[in-house]
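K.L.:
Pasting in a structure now, in structure tokens, and then I'll have a few things to ask.
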């Protein structure tokens with residue numbers, strides 16, 4: 001199985017072209033589902049450790065890449081399932097172009113897979129930019145002005161942000177060019193080898209540019225402004241993927257640069273930067289979550305908040321680094337579920353304004369109950385998995401040299417929880433206003449979020465040893 | 001051959017300033033095409049005479065840059081301008097004179113930056129790093145000071161061009177496949193942006209991005 005890694009990248013890319021050529025709606029969905037299944041099976045096979053983990057110098061898979069690849073693959077499978085009812089009956093929009101949906105999703109999967117399986121930093125950059133280009137048409141799926149505005153902001157802001165990351169990649173190349181590893185290509189391995197001898201100003205410049213550049217894509221303040229617009233305007237399955245899988249890809253890209261800083265032995269500045277940007281992101285997200293009247297925007301700001309949590313965790317290091325990688329897994333499970341459920345609410349109530357939605361549990365009980373469960377999960381309540389990851393980060397912060405960071409962390413999380421509760425709980429409760437009857441809940445609209453919620457609960461109650469082992473090894477890679 | 005390379009670098013920077021100075025969309029696109037031509041010759045001028053092993057990749061990189069930056073992208077953008085049927089003025093937020101002054105100041109700053117940042121291995125020509133930063137920063141000025149979607153794309157292209165120049169210091173390290181990937185991304189990116197511009201013009205009957213401001217909290 002030496003060709004498994006290129007297969008995982010080429011399969012969705014090739015089938016994207018096929019689906020584009022066929023143009024058929026049902027054919028596109030069939031291809032989408034088939035590829036999602038094959039991709040998930042291939043990724044599962046990688047966990048058994050028998051497949052070759054490298055293909056030339058371009059594709060190499062380490063445990064960090066494996067974790068993020070697995071999240072992407074699993075979410076993609078679940079999102080593909082929920083796409084079926086969504087595309088076949090739930091779009092409400094005669095102007096939407098549903099035959100583009102499957103090709104763009106497949107190209108998106110190909111680009112995200114490439115981000116996870118390459119350790120060539122320049123190729124990784126090209127792949128991250130590819131994710132923007134493949135997903136921008138998905139954001140503009142509904143031909144509305146709002147969606148167009150969101151897609152334009154997304155394209156331009158992320159492209160410009162990521163251009164800075166390319167500059168950062170080149171700066172890293174310059175930093176390494178003084179040493180003997182100068183001609184070894186822009187691979188992580190070569191950079192880590194050359195790191196101790198790197199010219200420090202260029203290394204620092206490289207990390208700052210990568211943090212700002214990929215941070216744009218990850219949703220870190222100050223270049224986060226595209227995120228709430230994009231995630232609220234995109235169709236809900238796309239929002240689920242953007243928030244659950246794509247933000248992690250950008251986080252992985254930042255981690256690659258952080259790994260080089262760790263290898264240089266001189267990474268206090270990188271940690272400080274991550275902690276500061278993380279806290280500012282959490283704070284700004286909290287400010288917009290309190291009193292937020294659009295429930296999709298609420299979830300989008302919650303994504304910014306959680307990315308901030310992850311950045312703080314990596315910045316603090318030690319057990320917090322373990323908590324950070326763990327939290328990015330947990331956040332993906334919960335937030336993808338929440339966005340899929342938001343799609344169900346939107347389908348039945350026809351609005352994203354939280355004030356106009358009442359009685360979700362009365363009208364669509366399964367969606368309502370899952371929404372409540374996932375809200376408690378992402379809010380950091382035990383026994384769900386995000387509680388443990390956030391607790392690890394809090395504990396490390398509190399026991400570290402600056403205990404006030406732990407207190408601040410906890411206070412901000414409490415504000416975020418209350419902000420979310422204030423918008424979400426009134427939606428769930430109450431009888432539905434105009435004595436509307438119970439609406440139908442097709443199986444495929446509730447099964448994927450149910451599985452995600454079940455996974456968040458199961459990991460919280462009994463984390464699988466394979467996962468904790470992988471997380472432990474991943475944390476070591478990022479200075480944990 | 002640093003004489004030719006220096007000449008090309010100065011041409012690129014001068015074109016960047018003239019893009020700031022021009023008020024017409026079509027001439028901004030034409031000037032950016034010319035910048036693409038100068039840029040695509042740069043790898044040949046820098047590396048052609050010294051490299052014997054890497055000749056083919058360098059020639060291919062030049063050819064690719066020429067095809068993408070000087071031919072394909074300008075064609076896409078001028079088609080977008082034609083289809084959108086926009087008023088031909090670039091309509092800056094900041095007046096033309098002020099943005100030109102800012103751009104000129106940034107070019108000066110780039111020279112200072114090029115002197116302050118010491119490369120571990122000297123660049124093939126001392127002008128390379130200052131001109132890379134100058135192009136990049138002037139691209140930023142165009143990006144933030146103009147409200148037409150087309151000029152914002154031109155600004156983004158200048159930003160990428162600056163990074164391309166900076167990347168010339170690493171020509172031995174960047175695998176050829178990666179160079180192609182970066183160029184392909186740029187091409188597809190402008191293609192998708194062109195489609196978006198088309199939709200914006202149809203939906204709003206203008207391509208002012210200033211009016212794309214309904215989404216806020």
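K.L.:
Ranked highest first by average number of other Cβ atoms within 10 Å, how do B:93-99, B:27-33, A:131-137 line up? Intermediate results must be reported in sequence, preceding the final value.
P.N.:
Numbers: B:93-99: 13.0, B:27-33: 21.6, A:131-137: 24.7.
Packing proxy ranking, top to bottom: A:131-137, B:27-33, B:93-99.
K.L.:
Moving to a separate point now. Which of the three applies to segment B:143-200, rounded, prolate or oblate, going by the alpha-carbon gyration tensor with a ≥ b ≥ c and a/c under 1.5 meaning rounded?
P.N.:
Judged from the Cα gyration tensor, segment B:143-200 comes out oblate (a/c at least 1.5, b/c at or above a/b).
K.L.:
Further, regarding this structure: Which whole-number percentage describes the relative contact order of segment A:1-143, with Cα contacts under 8 Å and a sequence gap of 6 or more? List each step's numbers first, then the result.
P.N.:
Numbers: 173 pairs, mean separation 49.4, N = 143.
35 percent.
K.L.:
With a 10 Å radius around each residue's Cβ, average the other Cβ atoms per peptide and rank B:148-157, A:351-360, highest first.
P.N.:
Packing proxy ranking, top to bottom: B:148-157, A:351-360.
K.L.:
Kindly express, to the nearest 10 degrees and within the range 0 to 90, the angle between helix B:2-21's C-alpha long axis and the longest C-alpha principal axis of chain B.
P.N.:
10 degrees
K.L.:
Can you tell me which of A:298-311, A:209-222, A:4-17 comes out highest on packing, and rank the rest after it, using the mean Cβ neighbours within 10 Å?
P.N.:
Result, highest mean first: A:298-311, A:209-222, A:4-17.
K.L.:
Residue by residue through A:130-137, how many Cβ atoms from other chains fall within 10 Å of the Cβ on average?
P.N.:
3
K.L.:
Looking at the square roots a ≥ b ≥ c of the eigenvalues of the Cα gyration tensor of segment A:225-326, which shape do they give, rounded for a/c under 1.5, prolate if a/b is larger than b/c, or oblate?
P.N.:
prolate
K.L.:
Before anything else, pin down the relative contact order of chain A: Cα pairs under 8 Å, at least 6 apart, normalised by residue count, whole percent.
P.N.:
Worked out over chain A, it gives 15 percent.
K.L.:
Let me ask something additional. Give me the inter-chain shielding for A:389-402: mean count of other chain Cβ atoms within 10 Å, whole number please.
P.N.:
Values: counts 0, 0, 0, 0, 0, 0, 0, 0, 0, 0, 0, 0, 0, 0.
Mean shielding by partner chains, rounded to a whole number: 0.
K.L.:
Tell me, what is the percent relative contact order of segment A:374-455, built from C-alpha pairs under 8 Å that lie six or more residues apart?
P.N.:
Value for segment A:374-455: 18 percent.
K.L.:
On a 0 to 90° scale, report how tilted helix A:145-176 is relative to the longest principal axis of chain A, with both axes built from alpha carbons and the result rounded to the nearest 10.
P.N.:
Its long axis makes an angle of about 10 degrees.
K.L.:
Further question on the same structure: Helix B:73-84: angle to the longest alpha-carbon principal axis of chain B, degrees 0 to 90, nearest 10?
P.N.:
Its long axis makes an angle of about 10 degrees.
K.L.:
Per-residue Cβ counts within 10 Å, from other chains only, averaged over B:119-131: what number is that?
P.N.:
Neighbouring Cβ atoms belonging to other protein chains average 2 per residue here.
Any read-out appearing in this document is the output of simple, stated calculations on the displayed coordinates, not a laboratory observation. Just so you know, these numbers come straight off a predicted model, no measurement behind them. Cβ coordinates were reconstructed from backbone atoms using ideal geometry, including for glycine residues, and neighbour counts include every protein chain displayed.
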